[in-house]
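Asks: Input: one structure, supplied below.
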Amino acid sequence: MDKLCLGFDTSNYTTSAALFGGATAEDRGRLLTVPEGALGLRQSDALFQHVKRLHLMVEQLRSDGVMGDIAAVGASTRPREVEGSYMPCFLVGEGEGRTLAAALGVPFYPCSHQQGHVAAAAWSAGREDLLDKPHLAWHLSGGTTELLKVEPEGHTVRAQVVGGTSDISAGQLIDRAGVLLGLPFPAGKALDALYPQAGKALSHRVKLNDLTFSLSGMENKVKELAEKGEAPADIARFAIDTVLDVLLRATREAQERWSGLPVLCSGGVASNRQIRAALESRCGAVFALPRYATDNALGVAILAHRALERGVAG
């Protein structure tokens, strides 16, 4: 019988819990509540919501009849696996994970939120083999736009940032454009839905410097378009096309630099239909299923399962 591992992820956007047993996967998650018109949450508010909700995700797994004997527990404990990477909201998943593991007498396996994203993306794309070989990966989320060079490291991966934004993330640009248009936060899905309604294509070429680029100026351009009375759908297309163009150029340049390495894409922005279609067709990129592109605990549970299978001490 497969060993069942429970994973927790308490990011700044989603409370989630997941079970992974090798051949079986179940996850339950809930977006945090963001006040209308706001551009996000303070860490204290996010942490409070996680404290109130994480047990509900576990109870849902139990009530749905998918909970079994837990062989290991994992949790994301920080944004990235580098020194100084820290966000208070991850303390909720880590604290409850360590407590549960101690009570059950099973190993606890920490990982970073980013490592979980990579694992969930690879598994859901049917490419779990990428966790055991070098590859390139985009982490495209509400707070992160990073191009990574990923290397296997034991049961998990080590990711080196080789490119991405120098200021605001692609997700922040899209969310801020959406809020400016009166759309709910996070605004990715709403902008994606508006895109096909655009009557014209407005373009701006962001400068790419050694795989790094800036998007902060694009926020001002979005505001200028709104002040000029441009249609919301045209503004939505402008924001998405701007992000898509620079992502394509950075990906192609990285593929020339590290020839032969596959490209894996994860994060909520990676579920955008235009971005996905372009990177798949023009760069051969591999994408997480949309359900597992956004913040989720499945990758955490997958990494815990890999650690358990390989006899890593918890």
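The values are calculated or read from the model by the stated rules, or taken from the named source; none is laboratory data. All of these numbers come straight from a predicted model, not from anything done at the bench. Cβ: placed from backbone, ideal geometry, glycine included. Neighbour counts: every protein chain shown. Side chains are part of the model used for accessible areas, which takes the heavy atoms of the whole protein and leaves out ligands, DNA and RNA. Shrake-Rupley method; radii C 1.70, N 1.55, O 1.52, S 1.80 Å.
Asks: Based on this model, can you work out whether Gly143 counts as open to solvent by 40 Å² or more (accessible area, probe 1.4 Å), at positive phi and assigned to a loop (DSSP other than H, G, I, E, B)?
Replies: Details: open to solvent by 40 Å² or more (accessible area, probe 1.4 Å): yes; at positive phi: no; assigned to a loop (DSSP other than H, G, I, E, B): yes.
So Gly143 fails the test.
Asks: Please go through segment 39-59 and pick out each residue that is under 20 Å from the mean Cα position of the chain (by Cα) and in contact (Cβ under 8 Å) with a residue 40 or more places away in the chain.
Replies: Correct list: Leu39, Gly40, Gln43, Ala46, Leu47, His50, Leu54, Met57.
Asks: Can you report the number of residues in segment 95-112 which are free of Cβ contacts under 8 Å to residues at least 60 places away in the same chain, in a helix (DSSP H, G or I) and either among the acidic types (Asp, Glu) or closer than 21 Å to Ile302 by Cβ (or both)?
Replies: First, the residues of segment 95-112 that are free of Cβ contacts under 8 Å to residues at least 60 places away in the same chain: 95, 98-99, 102-105, 110, 112.
From what is left, the residues that are in a helix (DSSP H, G or I) are 95, 98-99, 102-104.
If we keep only those that are either among the acidic types (Asp, Glu) or closer than 21 Å to Ile302 by Cβ (or both) too, we end up with 98, 104.
Residues flagged as free of Cβ contacts under 8 Å to residues at least 60 places away in the same chain, in a helix (DSSP H, G or I) and either among the acidic types (Asp, Glu) or closer than 21 Å to Ile302 by Cβ (or both) within segment 95-112 amount to 2.
Asks: Could you say whether any residue in segment 243-265 is among the polar types (S, T, N, Q), at pLDDT below 95 and open to solvent by less than 40 Å² (accessible area, probe 1.4 Å)?
Replies: no
Asks: I'd like the full set of residues that are β-branched (Val, Ile, Thr) and surrounded by 18 or more Cβ atoms within 10 Å (Cβ to Cβ), limited to segment 51-81.
Replies: Across segment 51-81, the qualifying residues are Val73, Thr77.
Asks: Same structure, new question: For residues that are within 20 Å of the chain's Cα centre (by Cα) and more than 16 Å from Leu19 (Cβ to Cβ), tally how many sit in segment 85-110.
Replies: 10
Asks: Could you identify the single residue in Gly188, Gly217, Gly182 that is at positive phi and either without any contact (Cβ under 8 Å) to a residue 40 or more places away in the chain or open to solvent by 30 Å² or more (accessible area, probe 1.4 Å) (or both)? Break it down stepwise before answering.
Replies: On the way: Gly188 fails: at positive phi; Gly217 fails: at positive phi.
Checking each option against the conditions leaves just Gly182.
Asks: Give just the number: which of (1) in a helix (DSSP H, G or I); (2) open to solvent by 40 Å² or more (accessible area, probe 1.4 Å) does Gly84 not satisfy?
Replies: (1)
Asks: Additional query: All but one of (1) buried (at least 24 other Cβ atoms within 10 Å of the Cβ); (2) within 23 Å of the chain's Cα centre (by Cα) hold for Gly164; state the number of the condition that does not hold.
Replies: (1)
Asks: Please verify whether segment 290-301 includes one or more residues that are surrounded by fewer than 14 Cβ atoms within 10 Å (Cβ to Cβ) and either at pLDDT below 95 or of a type in the set (Val, Ile, Thr) (or both). Let's see the steps before the verdict.
Replies: Taking segment 290-301 and keeping what is surrounded by fewer than 14 Cβ atoms within 10 Å (Cβ to Cβ), we get 291.
The next check asks that each one be either at pLDDT below 95 or of a type in the set (Val, Ile, Thr) (or both); those that pass are 291.
Looking through segment 290-301, at least one residue is surrounded by fewer than 14 Cβ atoms within 10 Å (Cβ to Cβ) and either at pLDDT below 95 or of a type in the set (Val, Ile, Thr) (or both).
Asks: Just to verify a result, which residue in segment 1-29, among those that are of a type in the set (D, E, K, R) and at pLDDT below 95, is most open to solvent (accessible area, probe 1.4 Å)?
Replies: Per the criteria, the residue is Lys3.
Asks: Working only within segment 60-74, note down all residues that are in a helix (DSSP H, G or I) and either over 24 Å from Gly314 (Cβ atoms) or under 21 Å from the mean Cα position of the chain (by Cα) (or both).
Replies: If the condition is that a residue be in a helix (DSSP H, G or I) and either over 24 Å from Gly314 (Cβ atoms) or under 21 Å from the mean Cα position of the chain (by Cα) (or both), then Gln60, Ser63 are the ones that fit.
Asks: Same structure, new question: Checking Asp45 against (1) among the charged types (D, E, K, R); (2) within 15 Å of Gly74 (Cα to Cα); (3) open to solvent by 30 Å² or more (accessible area, probe 1.4 Å), which single condition isn't satisfied?
Replies: Every listed condition holds for Asp45 apart from (2).
Asks: I've got another one for you. Determine if segment 174-194 includes at least one residue that is in contact with a Pro (Cβ under 6 Å, 6 or more places away or on another chain), acidic (Asp, Glu) and at pLDDT below 95.
Replies: Yes: one or more hits.
Asks: Right, next: Has segment 141-153 got at least one residue that is under 18 Å from the mean Cα position of the chain (by Cα), charged (D, E, K, R) and farther than 30 Å from His305 by Cα? Walk me through it before giving the result.
Replies: Taking segment 141-153 as the starting set, the residues that turn out to be under 18 Å from the mean Cα position of the chain (by Cα) are 141-150.
Now restrict to residues that are charged (D, E, K, R): 146, 149.
Those still in the list that are farther than 30 Å from His305 by Cα too: none.
Looking for residues that are under 18 Å from the mean Cα position of the chain (by Cα), charged (D, E, K, R) and farther than 30 Å from His305 by Cα, one finds none in segment 141-153, hence no.
Asks: Can you tell me which residues in segment 30-42 are open to solvent by less than 40 Å² (accessible area, probe 1.4 Å) and either of a type outside the set (A, V, I, L, M) or modelled with pLDDT of 95 or more (or both)? Spell out how you get there, then give the answer.
Replies: Of the residues in segment 30-42, the ones open to solvent by less than 40 Å² (accessible area, probe 1.4 Å) are 32, 34, 38, 40-41.
Answer for segment 30-42, where residues must be open to solvent by less than 40 Å² (accessible area, probe 1.4 Å) and either of a type outside the set (A, V, I, L, M) or modelled with pLDDT of 95 or more (or both): just Gly40.
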